[in-house]
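Participant: First the structure, then my questions, so here it is.
Each reported figure results from applying straightforward, stated rules to the coordinates on display, with no laboratory input. Since the structure is predicted, the reported quantities are computational estimates derived from the model, not experimental observations. Heads up, the Cβs are rebuilt from the backbone with ideal geometry, glycines too, and the neighbour counts pull from every protein chain shown.
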Amino acid sequence: MLEFFKQHSAGRCRTVLFALVLPLIIAGGVFIWQDYQARREAIVTEVGLKSALINSQLEDFVHTVRGASGVFAADWVAENDPAAIDVREMNEHLASFASEWPNFSNAFITGSDGTIVGSSDQALIGSRVGSAELYEQALSTLRFTVSDVVTHVSEGPPFALFIQPMIWEGAEQVSFQVSFMVLETPLDTISSFLDMSTGFPASAKSGIFDSQGLILAGTGYEAPHPGMAAGRNISASAVWKQAATRPTGEWFGPGLDNVSRIIFFGYPDNTPWVTTVAYAQSELFDPLWQRLWTFGAVLVATFLGIIWAGEVFIRRERLERSKLEKEQLTLDAVMTGSSDGIMIIDSMDRIGFANRRLGEMFGLRSQNLIGQSFDVVRGVMAAQSATPETTDDQLDRAVNASGKVVVDNLKLKDSIGLEMEMTSYELRQSNGDALGRTLVFHDITQSAEVQRSRSAFIATASHQLRTPMASIMATSELLLSQQIPPAKQRQLLEMVQSQSTRMTDMINTLLSVSLIDAGQVEINLENFDAGKLCRTLAMEFEARSPGHKFEVNLAVPEICVRADRLRFTQILEDLIDNAVKYTPGSGKITIGAELAERGMVRFSVSDTGVGITPGGLKDIFKPESPRYPRPPGRSITAPSGMKPTQDSPGSPMPWISAS
């Protein structure tokens, strides 16, 4: 992953980051949703099972009460003569029955109006149990009835009543033909079925309501809990309104304690009651929110971490890109400003790069070459050559020489006048795959010209040295082989001396040129009067060439300079000698000196000779440069007449003009 960020752009890195985060969000959402569904299903299952258990227990209890009532009625009828009812025996029988059935607080026998005629608690005889409506219902149904009314027989907690009709057939002395066996059960007994203390969270609640919305029993709340007080009417609550719809599934809504709850309603058979089992919604949603917060925190941390990592790599990429751009700009500047022509050819033989110098060499626009096929460009380049076919073959070999470095020389046509050395080498990636080739065209026109000039100069110097050497050898042989008069001997020896001096001057000139070309001329600076030296040289040349007129024109009488006296004298002598050579016998040669900028002195030698054509000025400093025809009336004004002057170390570039 790190390598990916290092190798790809910022935009692509961001895309990849979001592509990584999005599946994480989706996966986390799916996991949390599945966890929510599983937990909801588990809670709903627990609530439903508990509700079913409560209903089953109530139904079993009701059947038990019905059975107990039936047993009592059957036993009483079997053991007693209805015609002779003994209330005392009835009371004892009821007390014995109540002691055998601990779920009942009292057992009564009432008349049809609810008046107690027999009781396990004799103090209650004569009291009235329940309401007239209850006994009217019992009379109309003549069946086992479960009271859904909280009934108070005496002071104390409320009870639930279970009524079994008893018909006294043949009881003529009995003041009532229909009576009822009434069992009084404490609500605590019914509440025991609502136990939520084991296996359920503390927030779990349960309750039993009668058909009018009165609370009969409730457990699972902190006792005493006023919100679940027996006898409280909840018919106006959202819970009771929902219970009236007899839902078959769980309901999400506010509980009696105003806590958001998940409630399951039950309707036990043979009772008018409604049972409820409730969980706080927090049991379902708190873990969900906790997971959401945890997942969100992890997601945010992951996202921020990924963004941070991405930004680190993006910044690194920007720095590397900036560095690469700078290197590219530097490379472009180097290649564009290079004195060599450079062309890069890709693996598809198309021009990928061509610098400005290449276009200048071949008379082409380098920008127009980029993207062109090299086969086409090769023909255009070969057409600029002095030998097109040869150049075309050379370029073809240079591009197709796989794995080799090719070096070849090209010569362009005379109108361009360039000679160049072409070097071709392969471009490869770090893994060794070939990218193409690079062609470098190095201008060797000047070096070739220098080489030719040097060869010509050496040939000329050798020829000129041969002449005095031949003269010396011939003279020395003559002196050795013959008896020559003294006067003639002196003449011959003077000639040998003259030729030796001439040869020495030639050798010194050759040495000077060689030192200048090698950049090894030693300069010995000293102060001297340059004006006096100019006058002395004028007198010497006037004696050697009496036909010419020499004039010294100095800006000031005395000019003290700091220079190499020997080199200065040599250069000035060469200039004057050059002027004498190309000026007719009656011509005028002027040696001048004037003050220049920055404390410099400009020396000049001018003549009245025929001068040189403007086209020949560019070759004036070339050794043994060809002399061009000079039109009459033209003269040359030059502070130097040969290469030693031009290349003298420490001197400014000499100037030359034709007038």
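Participant: Quick check: pseudo-label points 7 Å beyond the Cα along Cα→Cβ at Asp393 and Ala487, how many nm apart are they?
Facilitator: 7.2 nm
Participant: If the chain between Glu494 and Ala543 were fully stretched, how many nm would it gain, using 0.36 nm times the residue separation less the Cα-Cα distance?
Facilitator: 15.7 nm
Participant: For segment 494-549, what class follows from the C-alpha gyration tensor (a ≥ b ≥ c being the square roots of its eigenvalues): rounded when a/c is under 1.5, otherwise prolate if a/b is larger than b/c, else oblate?
Facilitator: oblate
Participant: Please list, or write none, the aspartates and glutamates whose alpha carbon is within less than 20 Å of the alpha carbon of Lys581, excluding same-chain residues fewer than 8 places away.
Facilitator: Asp505, Glu540, Glu542, Glu551, Glu573, Asp607, Asp619, Glu624
Participant: Would you mind checking the pairs Lys50/Lys241; Lys532/Lys588; Lys323/Lys404 and listing those with alpha carbons more than 29 angstrom apart? Working shown, then result.
Facilitator: Values: Lys50/Lys241 22 Å; Lys532/Lys588 20 Å; Lys323/Lys404 32 Å.
Long pairs (Cα-Cα over 29 Å): Lys323/Lys404.
Participant: Kindly state, as a whole number, the per residue volume in cubic angstrom of the convex hull around the alpha carbon atoms of segment 191-283.
Facilitator: So the per-residue Cα hull volume is 97 Å³.
Participant: Want the number for Asp340 to Ser402: 0.36 nm per residue separation, take away the alpha-carbon distance, what's left?
Facilitator: 20.0 nm
Participant: Just to verify a number: FRET efficiency for Gln328 and Thr504, C-beta to C-beta distance, R0 = 41 Å, to 0.05? Working shown, then result.
Facilitator: Working: r = 60 Å, r/R0 = 1.46.
So, using R0 = 41 Å, E works out to roughly 0.10.
Participant: Are there any trypsin sites (Lys or Arg not before Pro) in segment 380-485 that are in a DSSP loop and have at most 16 other Cβ atoms within 10 Å? List them by number.
Facilitator: Here the sparse-neighbourhood loop sites are Lys404, Lys413.
Participant: Taking every pair of alpha-carbon atoms in segment 338-442, give the share separated by more than 21 Å as a whole percent.
Facilitator: Distances greater than 21 Å cover 27 percent of the Cα pairs.
Participant: In addition: Fully extended, how many nm does the chain gain between Leu480 and Thr189 (0.36 nm per residue separation, minus their Cα-Cα distance)?
Facilitator: Full extension from Leu480 to Thr189 adds 88.1 nm.
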